[in-house]
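Input: a single structure, listed below in structure tokens.
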Amino acid sequence: MLESIILAEVIATVFYTILGLVLLGLSWKLVEWLSPFSLRQEIEEDQNLAIAVLIGSLFISISILISAVILS
């Protein structure tokens with residue numbers, strides 16, 4: 001089974017994983033920058049569950065979009 005793994009495929013997988021994480025981080029920074037209040041403070045200190053669910057669903061949707069673009 002290890003013989004069928006090609007080095008180029010492993011490198012491409014690592015590259016696209018890092019690219020996806022960077023894009024996800026940039027989307028977090030963009031949402032944080034566009035919001036009129038600190039999302040981190042609302043989630044961590046004020047424990048605003050609604051914003052936490054909203055950001056979680058945003059991360060899931062952006063992850064699905066990034067994976068679809070990378071796979072195409």
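The values are calculated or read from the model by the stated rules, or taken from the named source; none is laboratory data. Here the structure is a predicted model, which means the values were calculated and not measured. Note: ideal-geometry Cβ built from the backbone for every residue, glycine included; neighbour counts use all protein chains shown. With ligands, DNA and RNA removed, areas are computed over all heavy atoms of the protein, side chains included. Shrake-Rupley method; radii C 1.70, N 1.55, O 1.52, S 1.80 Å.
A compact table of results
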item: Inter-site label distance for residue 28 and residue 42 at 7 Å from Cα along Cβ, in nm; result: 1.6
item: Distant-in-sequence amide H partners of residue 48 (H built 1.01 Å from N, under 5 Å); result: 43
item: Degrees separating the helix 7-34 axis from the principal Cα axis of the chain, which is the longest one; result: 10
item: Given charges at beta-carbon only (K, R positive; D, E negative), |dipole| of the chain in Debye; result: 180
item: Accessible area of the chain divided out per residue, in Å², using a probe of 1.4 angstrom; result: 81
item: Which label in (1) 60; (2) 32; (3) 49 gives the computed percent of Cα pairs over 16 Å apart; result: (1)
item: The chain - percent of accessible surface contributed by carbon and sulfur, probe 1.4 Å; result: 74
